[in-house]
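For reference, the structure is listed below as structure tokens.
The values are calculated or read from the model by the stated rules, or taken from the named source; none is laboratory data. Bear in mind that the values here come from a model prediction, so they are computed numbers and not experimental data. As a convention, Cβ positions derive from the backbone with ideal geometry for all residues, glycine included, and neighbour counts pool all protein chains shown.
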Amino acid sequence: MLAVSERIKERGGVTKELIWHKPVGPDPDATVQRIACRDTDGIVMSGGKREVPLRLDQPGERWCPDCLAIVRR
């Protein structure tokens, strides 16, 4: 599924966790990407959109539970 990442950082700016979100909107080059779980906020894109499996097996990565629920409807 097409997704954008939200980086959760710890002290020193090191990425602690990636949370994947379902993007909303037609502009693949938007600086701020709207996401399905939030009506007003978005994510400042650093890595762009990618194809991400629904079943993640990478340590430190997970789907946003709200976006995943939207996808599974």
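Observations, loosely collected:
- When the residues of the stretch 41-57 are filtered to those that are out of contact with any Leu (no Cβ under 7 Å at 6 or more places or on another chain) and at pLDDT 90 or above, the one that is nearest to CYS67 (Cα to Cα) is LEU54.
- The single residue among VAL52, VAL44, VAL32 that is surrounded by 18 or more Cβ atoms within 10 Å (Cβ to Cβ) and more than 9 Å from the chain's Cα centre (by Cα) turns out to be VAL52.
- ILE8 being part of a strand (DSSP E or B) and free of Cβ contacts under 8 Å to residues at least 12 places away in the same chain: yes
- Given (1) modelled with pLDDT of 85 or more; (2) over 10 Å from the mean Cα position of the chain (by Cα), index of the condition TRP63 fails: (2)
- Count - residues of the stretch 1-40 that are in contact with a Leu (Cβ under 8 Å, 6 or more places away or on another chain) and more than 24 Å from ARG73 (Cβ to Cβ): 2
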